[in-house]
1. Could you go through segment 341-358 in sequence order and give the Karplus-derived ³J(HN,Hα) for each residue, using 6.51 cos²θ - 1.76 cosθ + 1.60 with θ = phi - 60°, rounded to whole Hz, and x for Gly and Pro?
2. Taking 7 Å along the Cα-to-C-beta vector as the label spot, tell me the Lys309-Asp260 distance in nanometres, rounded to one decimal.
3. For segment 294-311, in order, what is each residue's ³J(HN,Hα) by Karplus, 6.51 cos²θ - 1.76 cosθ + 1.60 with θ = phi - 60°, in whole Hz (x at glycine and Pro)?
4. For the chain, modelled as a GNM with alpha-carbon contacts under 10 angstrom, which of Ala54, Ala157, Ala207 fluctuates the most?
5. Give me, ordered by chain and number, the residues 5 or more places off Arg305 or on other chains with an amide H under 5 Å from its own placed amide H.
6. How do Thr182, Thr345 line up, fewest other C-beta atoms within 10 Å first?
7. Could you name the aspartates and glutamates whose alpha carbon sits less than 17 Å from that of Lys116, not counting residues in the same chain fewer than 8 places away?
8. For a Förster distance of 30 Å, can you work out the FRET efficiency between the beta-carbons of Arg208 and Lys7, rounded to the nearest 0.05?
Amino acid sequence: MGGEEIKYVNSAFEENWIAPLGPNVNGFEQDICDYANIGHCTALSSGTSAIHLALIMLGVEQGDEVLASTFTFSATINPILYQKATPILVESEKDTWNMSPVFLKEAIEDRIATGKKPKAIIPVHLYGMPAKMDEIMEIAAEYQIPVIEDAAEGMGASLKGKKLGVFGDIGVYSFNGNKIITTSGGGVLVSENKDYADKARFLATQARDQAPHYQHSEIGYNYRMSNICAGIGRGQLQVLDSWVNKRKTNFDRYKKELSDLPIEFLNEPNADYFSNRWLTTITTSSYEKREEIRLALEKENIESRPLWKPMHLQPIFKDYLYYGDGLSERLFEKGLCLPSGSNMTEQQQDRVIATIKKCFD
């Protein structure tokens, strides 16, 4: 917490606005629009709910196909199944670890050839590193397929000076407890299309029709963010840039102190890319070396974690089509996420660095 959050939370209590609406919700939505320089925002209960509503608004239904990054967390893919649609999993490219434009185009052309044009594309900004959105959007425009931009891990990062989340037709941010800023639990949907934001707000409040009584003509959801959580978000946004700087400091220090070891860091491809360094990640020479480091850290009561296990390897998704060359599998086998919190002290980081170095003595 940055310190200002309690002011907004207290105002919610003082004004007796506790429900999923109120001044903090309205203010948080405007704050997000101002920060990301985007027209419209709807505050929701999670990033997952935002993806789900985005799919509904793009007309994704049972039997449709949706292209999505395979190297991600399952929350990217689960909403596709909520709609009884079919995920088509697309491999990453080595520069950013995000959706490969080459495999994306291959997947689109192959699915069209079989008579199944995909209804949407969901690229992910993994670990806060921008995906190659210019190329992805160019391909999407060529085949006229809308894009849901999963920036759940990318708040505060940018590409060519534009904040992540604003490149696609619909963008999604997450404010879950492990994200770079949090509302305890929550997310938002953003778009330049006002109709999308308004429709998301309608569906998220149980799709109640305009009537003096309770009337419903569509299926709705209980997906709205509370006024208290939005208050936390308003305070958190004030420290977002500071938290990004702290995460980048973590990354820079890890890289400096561990640069003489046979491990690799994910670097920004060029000056156009600005990662928020949500997590510092490393890749090692082998699965065995990764496990040696992870277990050595665990022995010191320091948590680390392997990179995301690709969705096409997950038991629940393994039977769905996958387009790629196995890059994410190799990254999963050899990669590790290091402690990266915004409140991490130098002494804590020293412990991590010293433990990793011992594995190479």
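Only the coordinates and a few stated rules stand behind these numbers; no lab work does. These numbers come from a predicted model, not from an experiment. Note that each Cβ is placed from the backbone with ideal geometry, even for glycine, and that neighbours are counted across all protein chains shown.
1. Result, rounded to whole Hz: x, 5, 9, 5, 8, 4, 5, 5, 5, 4, 4, 5, 4, 4, 5, 5, 4, 4.
2. Reported label-point gap for Lys309 and Asp260 is 3.7 nm.
3. Values, residue by residue: 4, 6, 5, 5, 4, 4, 8, 6, 10, 7, 10, 7, x, 4, 3, 6, x, 5 Hz.
4. Maximum fluctuation in the GNM of the chain, among the listed residues, is at Ala207.
5. HN-HN under 5 Å from Arg305: Cys337.
6. Ordered from fewest to most neighbouring Cβ atoms within 10 Å, Thr182, Thr345 come out as Thr345, Thr182.
7. List returned: Glu61, Asp64, Glu65, Glu106, Glu142.
8. 0.45
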